[in-house]
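Note sheet for the following structure.
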Amino acid sequence: FAQVYESYIQQAAKAAPGARVFVTSILDVSPAVIEEYPQYGNLGQYNEQLKAMCERNHWVFIDSGSLNAEIQDNLESDGIHLAPDMCLKWAESIVDAVGEAV
């Protein structure tokens, strides 16, 4: 997972030399999604891989995990995508993290 993700980000970084790269963690999904697609049960491991990837490349990792407590009540019917109000909270947390990093 991380190798593929990292290669895409490296391509984007090469297209914009000097740009600062920010990567946000993957948010939780519903238990029903994990039951149907077990790979979603590995999100914690994927986030650890993303964090290590960011450290290796001197990119900023934004840990949005604090939002996971609210996720289950704020997902669309697919159990993966955030409801609009939760999207706003997520965006605000990203803006705050970017502001702290710069």
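Using a cut-off of 14 Å between beta-carbons, work out the net charge of the residues near Asp85 (Lys and Arg +1, Asp and Glu -1, Asp85 not included). Mind dumping the intermediate values first?
On the way: positive: Lys89; negative: Glu70, Asp73, Glu76, Glu92.
Residues near Asp85 contribute -3 overall.
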inquiry  = Once you keep just the Cα pairs under 8 angstrom separated by 6 or more residues, what percentage relative contact order results for the chain?
reply    = 31
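In cubic angstrom, how much convex hull volume per residue do the alpha carbon atoms of the chain span?
Output value, Cα hull per residue: 109 Å³.
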query = Gln3 versus Gln72, label points 7 Å from Cα toward the beta carbon: distance in nm?
reply = 3.6
inquiry  = Assuming 0.36 nm per residue, please report the length gained on full extension of the stretch Tyr46 to Ile80 beyond their Cα-Cα distance.
reply    = 10.7 nm
ask   = Roughly how many nanometres apart are two label points built 7 Å out from the Cα toward the Cβ at Ile94 and Ala12?
value = 0.9
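Where a number appears in this text, it was derived from the coordinates with a stated rule and is not lab data. Just so you know, these numbers come straight off a predicted model, no measurement behind them. Every residue, glycine as well, gets a Cβ built from its backbone with ideal geometry; the counts of neighbours run over all protein chains shown.
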